[in-house]
1. Under a point spin-label approximation (7 Å from Cα along Cα-to-Cβ), what is the Ile287-Leu200 distance to one decimal in nm?
2. Can you give the FRET efficiency for Val84 and Ala355, using 1/(1 + (r/R0)^6), R0 = 56 Å, r = Cβ-Cβ distance, to the nearest 0.05?
3. Run down the aspartates and glutamates and flag those whose C-alpha is under 12 Å from the C-alpha of Lys127, throwing out any fewer than 8 positions away in its chain.
4. Select from Val324, Asn421, Cys375 the residue farthest towards the positive end of the dipole of the chain; place +1 on Cβ of Lys and Arg, -1 on Cβ of Asp and Glu, and compute about the Cα centre.
5. Towards the positive end of the charge dipole of the chain, with charges on Cβ (+1 Lys, Arg; -1 Asp, Glu), say which of Ser308, Cys6, Ala239 has the farthest Cα.
6. By how many nm would the segment from Lys276 to Val69 grow when fully extended, if each residue of separation counts as 0.36 nm and the alpha-carbon distance is taken off?
7. Using heavy-atom solvent-accessible surface (probe 1.4 Å) with all chains present, what is the largest-first order of Ile218, Ile150?
8. Mind checking the full-extension length gain between Ser423 and Lys437? Use 0.36 nm per residue of separation minus the Cα-Cα distance, one decimal, nm.
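The values are calculated or read from the model by the stated rules, or taken from the named source; none is laboratory data. All values derive from a computational prediction rather than experimental measurement. Heads up, the Cβs are rebuilt from the backbone with ideal geometry, glycines too, and the neighbour counts pull from every protein chain shown. Side chains included, ligands, DNA and RNA excluded: accessible areas come from the protein's heavy atoms. Shrake-Rupley method; radii C 1.70, N 1.55, O 1.52, S 1.80 Å.
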Amino acid sequence: MTHLNCFDKALLAFEVNCTGKRIGYSGIFSVRGEPDSDRLRRAILSTARDHPELMTTVHGGPLWHHRQVHDDVVGEVLEVQDLVARLAQKDSAQAANGALYEQSIHEWINRPLDTSRVFPFRVLLLKKGPGDYALVFTFHHSAIDGVRAIRLIEDVLSRYHNKPPDASLLPHGVKRDGDELLQEARTERTRTRHFYREMLSHLFYFVFINPIFHPARIFHDRSEPSGEVRFCSAKIGPAEFQQLRAKSKSVGGSVNDILMAVCYRSIDKWNRRHGKRTRKISFLVPIDIGSPDLNGIISNQISYISFSTSAEDRMDSTELLRRVSAKRIYMLKERRGNTYSIVYFAAVLRLLPLAAMKVLSKHVLFPLYADTVICTNPGIVRVGDCGEGPVEPGDFRVVGFVAVPFVFSVMGMNICVATFNGSLGIDIAYATSHFSKEKAEEFLALCVDELANYQVNTGQS
């Protein structure tokens, strides 16, 4: 048996019975070559057995839950689909526009991952054509966060290519005693001045002030019961990405700062385009707080920071970038208690029965306190490095990456950015109950246009 840390249990409480959504997310990797499915299955199972948290199912009742570790496989962890055979039965137009591929991916990411019956992850190997595959890893968010999921996928692919994974990422010798997130917060408290003051002041604002002055929601014109998630993606090439980096650096910011600034302005323009007045816009931004000592533990080791701007802040693009950069530095360096406040909040919630947490999250937390969107950045994705030579029989090379994050219904959208092979990918997952495909793609185009034309005046004081 292995335990649930405070975030694991909180995310489990936000499951289908309280939010109407499965909190799962996927990484879609485009690969070239001919993967060996048996070899891939062995690599997946070898990795899972080195991380007991993955070899688990969730058990319990309305008052308590725990993870039961299994010695053997429960269910099938790898599913193989061949679209070539299926496409032969379809007309040429459908084969040309990739409708069958989109349908297969859509069905996969929306298939419920019932952690009481199967492991909290599954993998799809989807053949699109000769030497052309999609490899899709899907995880349940109550078991693992996105940063550790990327590391885990790298582990699987390393084993497939007979390359031993980094020893620091293996759990051997890692002692797990209690809630690792709460322990990290307590360690941070001992070395941070005014930790409790910052933590309590943020929680006070979150509980009592934010519900009164909650942020504007991103405009949507649909309200349907569908619980499905779809996604759309765009890429910024290496040259344009370096230009973005240079623009932000010219005023002392980082690439993450200009990405947040772009999101603020895009949402502002989107709402005004649809006749909606927008004052406060607030993002929920995941922050990795896991220490190197916890690399071998699979769990949620993240916190969240809420960044907000007013209408006046967003008027000037250069000043907005400076404000976002300054606020990020201040919050992450000077207000560390703020960073860990949600950990303590989740630790208090964890003391409640899961049934009570579900009621609280459904009727109080998310309707009142949710930000406009979640803005996720797992960073630089490096997986499946097979070298630059020819792909040997049974080998493959990863040539593309798309993230499909989870979506909370109160927000309706999750914006994810990640760097792969020098390019910046912008992936938007959206609830079909809120947005049509056309509307989501229109918003994505607005974000890309804002990225391409973001103006920074370095001479501005």
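1. 2.0 nm
2. 0.75
3. Filter leaves Glu34, Asp36, Glu79, Asp82.
4. Towards the positive end, the residue furthest out is Val324.
5. It is Ser308, whose Cα lies furthest towards the positive end.
6. On the way: separation 207, 0.36 × 207 = 74.52 nm, distance 5.00 nm.
This chain segment gains 69.5 nm when fully extended.
7. Details: Ile218 5, Ile150 30 Å².
Order by accessible area, largest first: Ile150, Ile218.
8. Working: separation 14, 0.36 × 14 = 5.04 nm, distance 2.41 nm.
The span from Ser423 to Lys437 would gain 2.6 nm if fully extended.
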